[in-house]
Amino acid sequence: MNPSYSYKIYSSIDELPTNWDDLATSTIFLSKKYLEVLEKSSPENMICHFIGIFKNDLLAGIAVSQFLDLNKLESFGERDKCIKTALRNFAFKNFCSNVLLIGNNMLTGQNSFAFSDEIDKKEAIKTLKKASLSLKKLFESKGKKIHITSFKDFDEEEIKHFDISEFKNNYQFSTQPNMVFTINEHWKSEQDYINSLSKKYRDQYKRARKKADVIEKRKMHLADIIEYEETIYDLYIHVAKNAPFNTFFLPKNHFRIFKEIFHEKFLFYGYFIGEQLIGFNTLIKNGDVMDTYFLGYDESIQREKMLYLNMLYDMIAYSINKGFKEIIFARTALEIKSSVGAKPLKMYGFIAHSNRIINSQMPKIFSYLEPETIWQERNPFK
């Protein structure tokens, strides 16, 4: 007898099956704890749903979906004030503003779904596609017509499971790579990492460290995060608004909620000159992988003190000392991440527009909405 596949859509973590976390072993970002962070402090323009996939009525797959209303954003990114940006923003507001994503727009990497070993992956993805159509109907019943549906972020191996008829009219895209730093198993300390760098990049390390000698790095606990919440938010928003493109902004309480729920698995480091907080970064322990998360800084000090580069070195040092195997540095700032030793991992996704005519033009439209980043890969090692 052929197994029967079905799905259920949940709008709250209270509704999730009790054995949900048994399937959330590949990534912390599908666990109930993380979904609770989303439920309590997701961006204002985001609505999350959680999907259970059942094989013969037994839970065999879990997934997360996010609806993004881009009309609620004040800014799509303020860096490029030109006609092209104005046109892009107009196009987004009118034709692309309601986006349904199977996956997580706040992270880089395969945090969309997890399946049990017993499941047929193609059947599971077909079922997930059906769930996405149900979600479209659900939003339409509330007066929100979905313009774009997207499934993201998958590597070359995972994208093969989407080779099914349900995706034949979807445009397969590849955006900026995920920058992944692999920790050499022989490194036991930061000094081992420094020793492995070529002279040019050892000099870069020394120069960056010298520039930042007046800056004190502090591990911040929940009480500190609450005390500095306004400043933290100002520093975050400054960086976020200068990104080339935004689809959301975190709410002010996001880091506090994350710390309350995850305790020591969520690390928050503040960078101070005297008692003034001038920057911060965040890390999430995800099994033997360290995921970098959001950061913020004062731009004038960042440049002068090479603060961003120092943050990258600090993340590497901590991860080596604590025995992690790799660091997910995510997208953006590709060249500087490459200069400390991160390598690009190509990521793929699928996108479809609900209007057939627009959808047929998706290859052209996509390259316009997501311009290719030109950057030079570096190799800092001997």
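Each Cα pair under 8 Å and six or more residues apart adds its separation to the average, and for the stretch 179-345 the resulting relative contact order is 36 percent.
Can you pull out the trypsin sites (Lys or Arg not before Pro) in the stretch 194-285 whose DSSP state is coil and whose Cβ has at most 16 other Cβ atoms within 10 Å?
Taking the stretch 194-285 and a limit of 16 other Cβ atoms within 10 Å, the loop trypsin sites (Lys or Arg not before Pro) found are 252.
A Förster radius of 25 Å, combined with the Cβ-Cβ distance separating residue 273 from residue 226, puts the computed FRET efficiency at roughly 0.70. With all protein chains in place and ligands, DNA and RNA left out, the 1.4 Å accessible area ranks 214, 99 as 214, 99, largest first.
Backbone geometry of the stretch 263-279 corresponds, through the Karplus equation with coefficients 6.51, -1.76 and 1.60 at θ = phi - 60°, to 3J(HN,Hα) couplings of 6, 6, 7, 10, 9, 10, 10, x, 10, 10, 10, x, 9, 8, 6, 10, x Hz, x marking Gly and Pro.
Across the stretch 97-104, computed HN-Hα scalar couplings (Karplus, 6.51 cos²θ - 1.76 cosθ + 1.60, θ = phi - 60°) run 7, 9, 10, 10, 10, 8, x, 10 Hz from first to last residue, x flagging Gly and Pro. Across the accessible surface of the chain, with the other protein chains kept in place and a 1.4 Å probe, carbon and sulfur atoms take up 51 percent. Annotation: amide H of residue 278 within the under-5 Å range of 271, 272, 273, sequence separation 5 or more or interchain, hydrogens built in the peptide plane. Summing Lys and Arg as +1 and Asp and Glu as -1 over all other residues whose Cβ lies under 15 Å from the Cβ of residue 283 gives a net charge of +4.
A simple count of charges around residue 261, restricted to other residues whose Cβ falls under 13 Å of its Cβ and scoring Lys, Arg +1 and Asp, Glu -1, yields +2. With every protein chain in place and a 1.4 angstrom probe, the accessible-area ranking of 187, 375, largest first, reads 375, 187.
Put simply, the amide H of residue 286, placed in the peptide plane, has neighbours under 5 Å in 291, leaving out anything fewer than 5 places away on its chain. The phi torsions of the stretch 154-171, fed into the Karplus equation with coefficients 6.51, -1.76 and 1.60 and a -60° offset, translate into couplings of 10, 7, 4, 6, 6, 5, 4, 5, 8, 7, 9, 4, 4, 10, 5, 9, 9, 8 Hz, rounded to whole numbers, with Gly and Pro shown as x.
Rounded to 0.05, the FRET efficiency of the residue 264 and residue 164 pair, given R0 = 30 Å and the Cβ-Cβ distance, is 0.15.
Pairs of alpha-carbon atoms within less than 8 angstrom and 6+ residues apart define the contacts here; what relative contact order does the chain have, in percent?
Relative CO of the chain lands at 22 percent.
The structure-derived value of Kirkwood radius over Cα pairs in Å appears in the list (i) 21.6; (ii) 22.1; (iii) 25.0 under the label (ii).
One chain, two ends: residue 72 and residue 9. Fully extended at 0.36 nm per residue, the span grows by 20.2 nm beyond their Cα-Cα distance. Packing order of peptides 135-141, 169-175, 25-31, highest average first: 25-31, 169-175, 135-141 (average count of other Cβ atoms within 10 Å over each peptide's residues). What do you get for the angle between helix 121-141 and the principal long axis of the chain? Use alpha-carbon atoms, 0 to 90 degrees, nearest ten. With both axes taken from Cα atoms, the answer is about 80 degrees. Net charge of the neighbourhood of residue 339, taken over other residues with C-beta under 13 Å away and scored Lys/Arg +1, Asp/Glu -1, is +3.
Close amide-amide hydrogen proximity is noted between residue 243 and 78, each under 5 Å apart and 5 or more residues distant or on a separate chain (H modeled in the peptide plane; Pro and chain starts excluded).
Fully extending the segment from residue 367 to residue 130, taken as 0.36 nm per residue of separation minus the present Cα-Cα distance, adds 82.6 nm.
The values are calculated or read from the model by the stated rules, or taken from the named source; none is laboratory data. This is a predicted model, so every value here is computed, not measured. Positions of Cβ are backbone-derived with ideal geometry, glycine not excepted, and every protein chain shown enters the neighbour counts. Quick note on the areas: whole protein, heavy atoms, side chains included, nothing else; ligands and nucleic acids left out. Shrake-Rupley method; radii C 1.70, N 1.55, O 1.52, S 1.80 Å.
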